[in-house]
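The values are calculated or read from the model by the stated rules, or taken from the named source; none is laboratory data. Because the structure is predicted, anything quoted here is derived from the model rather than measured. Cβ atoms come from the backbone with ideal geometry, glycine included; neighbour counts cover every protein chain shown. Remember, those area values only see protein heavy atoms, side chains included, never the ligands or the DNA or RNA. Shrake-Rupley method; radii C 1.70, N 1.55, O 1.52, S 1.80 Å.
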Amino acid sequence: DSTISNVATTHVTASGNISGSATSTGSFGRVETVDSIGVGGGQAMFGAWNTPINVKGGSWTQMMVETTAANRAAGYRINTNGTDWYMNAGGSSLANVPNSWYLWNETVNVAALVVNNSNNLGIGTTSPAEKLDVVGNTILQGNLNVAGVSTFQSDVNLLDNDKLRIGGVVGTADGLDI
């Protein structure tokens, strides 16, 4: 183990473990490691499930990623098999997704999922206007129960059994008499 105390530097290089306590003061400008980082007693592990960073705490554990720039985002970058994904929260003047949490596919340069500051969820849109705003084709499997008024701005196509039931009246693709 290495012991470092009262060092004023922005870069620390060590070949062993670096440890501190709750009474340690100061901050690191940068920490680089070729293996792993454990925070709060978290044990970074390798093997079938690589966990190079492990944050462990009590009942409410958080990891903070923050920016103070209104035109920037704070979040995480995930790369899997050559596809870059970002889970970010955008600042108030960030282009495309201001004041939003979003999942961004950098490989095709599009927001896959957006939650804006009104808690509206958008799929295929960066500015969802309703609680669920989907732009693009949608497949729903199972029952769709709608409470309230339903408005269709285009044709409704019946695919299975060519039947539509409205208020107990069953119509077919050939016509519906109510």
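Give the residues of region 94-124 that are surrounded by fewer than 16 Cβ atoms within 10 Å (Cβ to Cβ) and in a loop (DSSP other than H, G, I, E, B), sorted by residue number.
Of everything in region 94-124, those that are surrounded by fewer than 16 Cβ atoms within 10 Å (Cβ to Cβ) and in a loop (DSSP other than H, G, I, E, B) turn out to be Ala95, Asn96, Asn99, Glu106, Thr107, Val108, Asn109, Asn117, Ser118, Asn119.
Please count how many residues of region 52-91 are of a type outside the set (Val, Ile, Thr), free of Cβ contacts under 8 Å to residues at least 24 places away in the same chain, assigned to a loop (DSSP other than H, G, I, E, B) and open to solvent by less than 70 Å² (accessible area, probe 1.4 Å).
Matching residues across region 52-91 total 4.
Considering (1) modelled with pLDDT of 75 or more; (2) surrounded by 10 or more Cβ atoms within 10 Å (Cβ to Cβ), say which one Leu164 fails and leave the rest.
With (1) modelled with pLDDT of 75 or more; (2) surrounded by 10 or more Cβ atoms within 10 Å (Cβ to Cβ) applied to Leu164, the lone miss is (1).
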